[in-house]
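Worksheet: the structure to be examined is printed underneath.
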């Protein structure tokens, strides 16, 4: 799941200050984790310990009530309340936190089931569930060695997303959007057009929109396909607090990591 965290950190400075180019320093002094990382780690923690998702999300919200990059208003209201009932969201929050499921489970059936469970505690709208399932499916297939062409066909066939568009066509017209249906496809296209892990993150940021979440989704899939280059992995881990870093490293140790297939590192990750 470190790829998703990397996407969140890289995208954090562009969420409300979109930058529609791939030419930027990958990490800046102000790059930091947001609620996307916090809830991704919460999902990982639930998988590691067996705690239910409602409890995990509410506990992590209480531990991190004011991260850089605020929680969605409806999630914050839910997390601060005593109710366990979902609120029928179709927001992209279900997809940005799902990456650990794609890495932890060993069959596509199990991935689909668990992705739905993780989404439905808040995002029980069909689009919220679909976004989480599509993201986790892409991660699982990439982890299993599927080609980009096979991942594209599978996601389009099962989930109905149009992944045939090009980034150059999306970029001029794409605007800030917090829905699964207008974030997940764009994030997957950013992965599909990438040449390596770093390029995937640059693609995602360059689209604009909800940059930290979009790049978080892209990063999770890109990690499963390429792995995270060690220099980037270390730079991202260094930006986590001790609690989140320990949870992240425990998850990586238990469920393994991919070695990079290739790396055309531009050294842009250095502050």
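Looking only at residues in the range 228-240 that are without any contact (Cβ under 8 Å) to a residue 60 or more places away in the chain and out of contact with any helix residue (DSSP H, G or I) (no Cβ under 7 Å at 6 or more places or on another chain), the one that is farthest from residue 45 (Cα to Cα) is 231. Whether any residue in the range 134-157 is within 19 Å of residue 210 (Cα to Cα) and modelled with pLDDT of 95 or more is what I want to check. Yes, the range 134-157 contains a residue that is within 19 Å of residue 210 (Cα to Cα) and modelled with pLDDT of 95 or more. Just so you know, in the range 1-18 the residues that are over 12 Å from the mean Cα position of the chain (by Cα) and part of a loop (DSSP other than H, G, I, E, B) include one that is surrounded by the fewest Cβ atoms within 10 Å (Cβ to Cβ), and it is 17. Residues in the range 186-223 that are without any contact (Cβ under 8 Å) to a residue 40 or more places away in the chain and surrounded by fewer than 24 Cβ atoms within 10 Å (Cβ to Cβ) were compared, and the one that is farthest from residue 23 (Cα to Cα) is 193. For residue 109, the stated conditions hold: it is over 18 Å from the mean Cα position of the chain (by Cα) and in a helix (DSSP H, G or I).
So is residue 251 touching a helix residue (DSSP H, G or I) at 6+ places or on another chain (Cβ under 8 Å), modelled with pLDDT of 95 or more and surrounded by fewer than 18 Cβ atoms within 10 Å (Cβ to Cβ) or not? No; evaluated as a whole, the condition is false for this residue. Considering the range 152-180 alone, what residues qualify as being crowded, with 19+ Cβ neighbours inside 10 Å and in contact (Cβ under 8 Å) with a residue 60 or more places away in the chain? Within the range 152-180, 180 is the sole residue that qualifies. For the range 53-85: of the residues being farther than 26 Å from residue 11 by Cβ and free of Cβ contacts under 8 Å to residues at least 60 places away in the same chain, which is surrounded by the most Cβ atoms within 10 Å (Cβ to Cβ)? Filtering the range 53-85 for residues that are farther than 26 Å from residue 11 by Cβ and free of Cβ contacts under 8 Å to residues at least 60 places away in the same chain, the one surrounded by the most Cβ atoms within 10 Å (Cβ to Cβ) comes out as 55.
The set of residues in the range 224-234 that are surrounded by 20 or more Cβ atoms within 10 Å (Cβ to Cβ) and assigned to a helix (DSSP H, G or I) comprises 224, 225, 226, 232, 233. Evaluate the following for residue 256: is it under 30 Å from residue 159 (Cα atoms) and modelled with pLDDT under 95? So residue 256 fits the description; yes. Exactly one residue out of 31, 25, 21 is farther than 24 Å from residue 136 by Cα, surrounded by fewer than 21 Cβ atoms within 10 Å (Cβ to Cβ), touching a residue at least 24 places away in the same chain (Cβ under 8 Å) and touching a helix residue (DSSP H, G or I) at 6+ places or on another chain (Cβ under 8 Å), and it is 21. Of all residues in the range 159-194, those satisfying the criterion of being assigned to a helix (DSSP H, G or I), touching a helix residue (DSSP H, G or I) at 6+ places or on another chain (Cβ under 9 Å) and over 20 Å from residue 224 (Cα atoms) are 167, 170.
The values are calculated or read from the model by the stated rules, or taken from the named source; none is laboratory data. All of these numbers come straight from a predicted model, not from anything done at the bench. Virtual Cβ from ideal backbone geometry, glycine too; neighbours counted across all protein chains shown.
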